[in-house]
Each structure stands twice: as C-alpha cells, then as structure tokens.
1. Across 10 Å bins from 0, what is the distribution of all Cα-Cα pair distances for the range 212-267, in whole percents?
2. Probe of 1.4 angstrom, ligands and nucleic acids ignored: what's the accessible area per residue over the chain, in square angstrom?
3. For the chain, what percent of Cα pairs sit more than 31 Å apart?
4. Helix 94-104 sits at what angle to the longest principal axis of the chain, using alpha carbons and giving 0 to 90 degrees rounded to 10?
5. Take the alpha-carbon centre of the range 64-105, take the same for the range 169-193, and report the distance between them in whole Å.
6. What would the Debye equation give as log₁₀ I(q)/I(0) for the range 110-194 at q = 0.19, 0.20 Å⁻¹, counting only Cα atoms as equal point scatterers?
7. Positive end of the dipole of the chain, charges at C-beta (+1 Lys, Arg; -1 Asp, Glu), about the Cα centre: which of SER250, HIS113, ALA209 has its Cα farthest in that direction?
8. Looking only at Cα atoms, what is the convex hull volume of the range 160-215 per residue, in Å³?
Amino acid sequence: MQASLPRLLGAATLVGTLATASLIAGCGNGDDAETRSIKVGTMSGPESEVMEVAVQIAKERYDLEVEIVEFTDYVSPNAALADGSLDANAFQHEPYLQSMIDDRGYDLAVAGHTFVYPIGAYSEKHESLDELPDGATIALPNDPTNGGRAMILMHNAGLVELDDPENLEATPVDVVENPHDFQFREIEAAQLPRVLEDVDLAFINNTFAQPAGLHLDDALLKEGPESPYVNLIAVRAGDEEREEIQQLVSAYQSEEVADKALELFDGGAVPGWE
C-alpha cells in the first residue's frame, strides 16, 4: 500500500531527527557508552608501541577505545590537541608544554606523568668529551626546552659556561664562556640522528636515538635520573578529570606499560609516576 504524503513526511522528519541526535551524541564528551572513544597523539616509533600496550589495557579494563595518531615533529601534537583533533597527547615534558602554552596561548593542562626519556650526547668521531677538538661542531635540538637541556648538560660538564645555568630554555646565545670555540647547529630533533656523521657531537632525545640504533650507555654525556624532564599526558584544560582521560592515564601507568618501555628503550625510559 502506498503511504500518504503526510505520513512520508512524518517518517522523514523522524529519521532526520534521529540522525541529528546520533550526530550530536557522536560529538559529545564520551559519557555515552556508544561513544567511549578518544584519540591520543604520540611520536611515531617506540613511543607509539608503548602506547599500544596502554590502548589494550584501556580496552580490557574500561572498555575504552583509544585511537593512536602518530606524529614525527614536536609542534603538531599540541596544535592538534588545542584545535580538538585529539583528546590527549603523550610526547613532551612539562617545560616544553609550558613553553608552547606561553608562546602560542594554548589552554592545555597535565593529566598524568609517563616516562623520563634522558637526552644524551652522541658521537661517531670521538670516544670521549676530552677528544672534542677546538672548533668542534655540536648539534642541538632546535626546540627551546630540549635545546636548553643540552646547554645545561654542557654547562654542568664544563664544556661551556652559561649566564644562567637555571634557565631551562638556554640557547647558544646565552653562552658567556666558550673556551674551545665550539660551533653550534640547531636542528629539528627528529633529524639529529641523520646528521650525526657530519658533526662532532649531537644531543639526541632517546625518542629518536633508540630507533636510530643509539644506546644511552654509549652517550658521552647524558641526563641522570634526577632530571626534571618527565614526560606527561597533556589534555585541554578542564579535561584533566574526564573519566576517559583518567582511564587512559591509569592504563598507561601500569606494570605492563613499564615492562614494554624497558624492553623497547633498553633502560632508557624511567617511569615517572612511581
């Protein structure tokens, strides 16, 4: 039997209403059981492999679906978090996060800690710092805080003198004594392993050192366990206590994740929540 036009219009209206309600529910904050999913940004490579373990635990313990979005630079994950493309990211330490908040006005916050990934200075040309020649070329991460980590390590090792060794964002401009006339090249962190053969010394985050076959034990200079640069899970301000976020943090801060990091980083990742 053919339906009348009013009945057809009523049915179409009902379908449209249901579709709109479904779309609105899909854009909610994750309280609905059907929308318990979040997106988290990580660095491509072993950090993503560590996060995969947390993803599995989040699913098993909390029935939470976590999608990993991989990045290869340190700027994009915070931009994606700030614009709503991500619910969280896990790749940076707090000084770097604060510098991004200060520089770009992002309204971001800390939901939990992950690991300390010590930065180290590597060389393919020299076996010790004492072998560095006058005028040696030293490559540094070009982001403010990781570059600052390298500068402070050099100051503490007596290679240079900084005007303020407490300045977490020190750069070569802040060097007041450079007795060996070291030359500095500031390079994107992910590219540092590729330039290692072209420089005398390169400061490389363990995030990028380990995939390049570099072991922290081989570093000529490295951070100790007292480093303040513990990595964290960042979210938009106000989401710190959101249920899905806290479940992700709990899943990440687990023995299984710590064991995976130990395997992948061979001791180069220290749990920051213990």
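1. With 10 Å bins starting at 0, P(r) equals 17, 36, 31, 14, 1.
2. For the chain, the solvent-accessible area averages 49 Å² per residue.
3. For the chain, the fraction of Cα-Cα distances above 31 Å is 36 percent.
4. 70
5. 25
6. Calculated log10 I(q)/I(0) at the listed q: -0.89, -0.97.
7. It is SER250, whose Cα lies furthest towards the positive end.
8. Per residue, the Cα convex hull of the range 160-215 comes to 105 Å³.
The values are calculated or read from the model by the stated rules, or taken from the named source; none is laboratory data. The model shown is predicted, which means the values in this text are computed figures rather than measured ones. Positions of Cβ are generated from backbone atoms using ideal geometry, with glycine treated the same way; all protein chains shown enter the neighbour counts. Only protein heavy atoms, including side chains, enter the accessible area calculation; ligands, DNA and RNA are left aside. Shrake-Rupley method; radii C 1.70, N 1.55, O 1.52, S 1.80 Å.
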